[in-house]
Amino acid sequence: MRLLWDLEGPIATSIRVLDDPTNPFSPHQAYQTALDPTPEFHPISKSPITEPKVSSLNVYVYHLDDWAECWEIIHEVHYDDAGQEFEPHVPEGSEYLTPRLIRCCGTERPKPPSPVVVRAATHPFVTVHDYVTTVHPWLMGLKDDIRPAMSAMEGRQLTEDAILVVDPLVPDEIKLLYSPPSGSGVRQIRAEMAGRVQVCKTAATKRLELGKNPVAVQARAADPVDAETAQAMWVNQLGLHVNNLRA
């Protein structure tokens with residue numbers, strides 16, 4: 001949560017670090033503190049991206065994971081399109097072939113990208129720096145796919161100059177928010193993040209009252225993390241440890 005992260009350029013200009021992890025409106029510092037020939041980074045770069053620590057992490061993009069199904073729902077009513085094409089498909093949990101739309105209105109069914117694998121490079125665990133240096137260029141290369149997916153799934157058209165902002169709620173499943181090019185929406189995005197912080201602090205406090213410390217879990221293998229696990233991971237990312245909650 002300490003990272004304020006957009007997809008407007010290289011890491012040096014796109015990522016900042018909040019002074020107060022619980023307050024998205026607090027002052028912030030540059031993530032990259034010195035440029036070439038000897039780049040330097042904020043101390044948070046050496047911190048683990050998850051707790052407990054992991055040696056690798058498969059990262060997905062929320063909007064692109066569900067984009068194909070959303071695309072099909074949008075186009076399945078276009079019966080008058082002579083260019084519609086289908087392929088035989090066995091849906092998950094079924095034994096029967098059903099036709100699946102693969103082309104309509106001059107566009108092909110989108111294919112979700114394979115997850116990017118973030119591996120520990122300088123420590124036994126994946127650090128914040130391992131994460132951002134792998135995920136940032138990967139997301140930059142997916143911007144042309146992310147924009148139409150977000151437009152369709154959120155029911156509003158994103159302009160080419162809308163600012164995409166990374167929401168770090170769950171490190172292994174990236175969700176993106178957006179702001180108008182003027183940057184006027186960044187405040188709203190920060191407010192939304194602040195709301196999420198409060199939700200997670202409340203959840204952590206309740207678990208503390210029940211005698212259960214908030215703990216993050218390993219990145220998902222096959223199933224998405226549930227809401228409670230996501231909250232626990234988020235609490236750990238914010239550094240909201242039990243002792244701090246008691247204070």
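The values are calculated or read from the model by the stated rules, or taken from the named source; none is laboratory data. Because the structure is a prediction, the values reported are computed rather than measured. A quick note on method: Cβ atoms are made from the backbone with ideal geometry, for glycine too, and the neighbour counts reach across all protein chains shown.
The single condition among (1) assigned to a loop (DSSP other than H, G, I, E, B); (2) modelled with pLDDT under 90; (3) loosely packed, with under 14 Cβ neighbours inside 10 Å that residue 114 does not meet is (2).
If you check residue 4 against the conditions, is it in contact with a Lys or Arg (Cβ under 7 Å, 6 or more places away or on another chain), surrounded by 17 or more Cβ atoms within 10 Å (Cβ to Cβ) and not in a loop (DSSP other than H, G, I, E, B)? Yes: the conditions hold for residue 4. The set of residues from region 72-89 being among the hydrophobic types (A, V, I, L, M, F, W, C) and either without any contact (Cβ under 8 Å) to a residue 12 or more places away in the chain or in contact with a helix residue (DSSP H, G or I) (Cβ under 7 Å, 6 or more places away or on another chain) (or both) comprises 73, 74, 77, 82.
Within region 53-109, being closer than 26 Å to residue 136 by Cα and assigned to a helix (DSSP H, G or I) holds for 62, 63, 64, 65, 67, 68, 69, 70, 71. The condition of being surrounded by 11 or more Cβ atoms within 10 Å (Cβ to Cβ) and either under 30 Å from residue 130 (Cβ atoms) or touching a strand residue (DSSP E or B) at 6+ places or on another chain (Cβ under 9 Å) (or both) does not hold for residue 91. Would you check which residues across region 122-135 are surrounded by 19 or more Cβ atoms within 10 Å (Cβ to Cβ) and not in a loop (DSSP other than H, G, I, E, B) and list them? Within region 122-135, 127, 128, 129, 130, 131, 132, 135 meet the criteria. Filtering region 184-202 for residues that are aliphatic (A, V, I, L, M) and at pLDDT 80 or above leaves an empty set. Every test in (1) farther than 30 Å from residue 160 by Cβ; (2) hydroxyl-bearing (Ser, Thr, Tyr); (3) surrounded by 18 or more Cβ atoms within 10 Å (Cβ to Cβ) is passed by residue 31 save one, and that test is (1).
Out of curiosity, is residue 127 hydroxyl-bearing (Ser, Thr, Tyr) and at pLDDT below 95? No; evaluated as a whole, the condition is false for this residue.
Is it true that some residue in region 108-119 is small (Gly, Ala, Ser), in contact with a His (Cβ under 8 Å, 6 or more places away or on another chain) and farther than 19 Å from residue 44 by Cβ? No, the conditions are met nowhere in region 108-119.
Listed by first and then second residue, the pairs linking a residue in region 113-139 that is basic (Lys, Arg) to a residue that is surrounded by fewer than 20 Cβ atoms within 10 Å (Cβ to Cβ) and part of a loop (DSSP other than H, G, I, E, B), with Cβ atoms under 9 Å apart and 6 or more places separating them unless they lie on different chains, are 119/55. Have a look at 115, 137 and point out the one that is in contact with a strand residue (DSSP E or B) (Cβ under 9 Å, 6 or more places away or on another chain) and more than 16 Å from residue 70 (Cβ to Cβ). On inspection, the qualifying residue turns out to be 115. Looking across region 97-111 at every residue that is closer than 18 Å to residue 66 by Cα and out of contact with any strand residue (DSSP E or B) (no Cβ under 7 Å at 6 or more places or on another chain), the one that is surrounded by the fewest Cβ atoms within 10 Å (Cβ to Cβ) is identified as 111. Restricting region 155-172 to residues that are in a loop (DSSP other than H, G, I, E, B) and of a type in the set (Val, Ile, Thr), which is surrounded by the fewest Cβ atoms within 10 Å (Cβ to Cβ)? Among residues in region 155-172 that are in a loop (DSSP other than H, G, I, E, B) and of a type in the set (Val, Ile, Thr), the one surrounded by the fewest Cβ atoms within 10 Å (Cβ to Cβ) is 159.
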